[in-house]
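None of the figures in this text is laboratory data; all of them are computed from the coordinates on show. Everything numeric here is computed off the predicted structure, so don't read it as measured data. Every residue, glycine among them, receives a Cβ derived from its backbone with ideal geometry; neighbour counts consider all protein chains shown.
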Amino acid sequence: MIDDSSGRSLAAQMDGASPVPMNAQQKLAFRIVSASTVPVWAAMILVPNARITERLVRLATPLYAALGITYVVFLATEVATGDGGMPSFDDPDALREALGSPTAFLAGWTHYIVFDLFVGRYIWSEARARGRNDRLALFLTWMAGPAGLTLHLARNAIDGAGGDPEAPGA
């Protein structure tokens, strides 16, 4: 959360440290990763039953691969150039600090983007198989991952469908 005119996060202000700014290449990578999934999300939400959506969803598989490779490159770069390799996953302060570098942030952001799209594709596919509209769950998944998945799963439970589109009553 940005809280002052310096652009520093509230956490950085409280810690007294400024986050390392991204260079132009890293900012471009962020914009490309962020924009790469927009057409798929827009189609799944706005025109879920259109042919173009089916095509875009099919094309998402190579996109997952490309983003996966991008993630591995960011992660490997961070491990190779960072100050201590992989952080301790049982120390939240060490993990939070590790994610503060631009390359680690890009790896984390790419992870979010690809996994949210994967979950969105699952929701879209399942909703189509059930003959229903899950636009709100898709939008929430795009903007706030687990919130959309939770809405989708809750709707399945209320409808008595569970999580399996092959289940009786689905």
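Some points to look at:
- For region 48-150, the set of chymotrypsin sites (Phe, Trp or Tyr not before Pro) satisfying both a DSSP loop assignment and a count of at most 15 other C-beta atoms within 10 Å is given as 89.
- Lys, Arg +1 and Asp, Glu -1 on Cβ, resulting dipole of region 17-86 about Cα centre, debye, nearest 20: 360 debye
- Here the relative contact order of region 41-113, from alpha carbon pairs under 8 Å that lie six or more residues apart, stands at 31 percent.
- Label-point separation in nm, residue 34 to residue 18, each point 7 Å along Cα→Cβ: 2.1 nm
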